[in-house]
Amino acid sequence: MDLNSLAVFAAANRNIKYQTERQKVLAANVANANTPGYLPKDLKRPDFGSDFSTKLKMVLTNEKHLSGVGRGNGGYELYTPKPTTALTIDGNGVVLEDQINAISKSKSEYDRIITLYGKYQTMLNTANTKING
């Protein structure tokens, strides 16, 4: 049985992929903390509660189309949040404390999804054992 055919596993996989891509973006923000003129970026969070199977999915057909979607972000929209603090003298907007906090929240969400995935998998294995045997 393909677990991705079940809605709960498909939603968990989408969320795991999103958190993985978000970690990459946040890591790039930390790596550029001393780059002049660099502003931190983030990924827009998709709606994981809706059924994606009934919606049209965006496809990158030309690198000049669909700005912010496609290559390098796992298909998630990349944006630059409005700075909430003053920029440094060289124009850098990365606040390491904010980035570390965002990384921590993203890791917690990732761990929560992995735990739920494992619990549902165990529940299915238990149910399958009772039925088959």
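Rounded to the nearest 0.05, what FRET efficiency do SER104 and VAL8 give with R0 = 30 Å and r taken as the Cβ-Cβ distance? Could you check?
The formula returns an efficiency of 0.75 here.
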Radius 12 Å from Cβ of THR80, net charge of other residues (Lys, Arg +1; Asp, Glu -1): +1
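So for each of 116-128, 29-41 I average, over its residues, the number of other beta carbons within 10 Å; can you give me the resulting order with the highest mean first?
Values: 116-128: 12.2, 29-41: 15.3.
Highest-to-lowest ranking by the protection proxy: 29-41, 116-128.
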Calculated FRET value between LYS44 and ASN128, using beta carbons and R₀ = 41 Å, to 0.05: 0.60
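Which entries in LYS24/LYS119; LYS44/LYS105; LYS24/LYS105 show an alpha-carbon gap greater than 23 Å? Walk me through the numbers on the way to the answer.
Numbers: LYS24/LYS119 27 Å; LYS44/LYS105 15 Å; LYS24/LYS105 14 Å.
Correct reply: LYS24/LYS119.
For the ranges 80-90, 17-27, what's the packing order if you count other beta-carbon atoms within 10 Å of each residue, average per peptide, and put the highest first?
Details: 80-90: 10.2, 17-27: 17.9.
The densest-packed peptide leads the list: 17-27, 80-90.
Throughout, read-outs are computed from the coordinates displayed, never taken from laboratory work. Predicted model, so just to flag it, every value in this text is computed and none were measured. For neighbour counting, all protein chains shown are included, and Cβ atoms are generated from backbone atoms with ideal geometry for every residue, glycine included.
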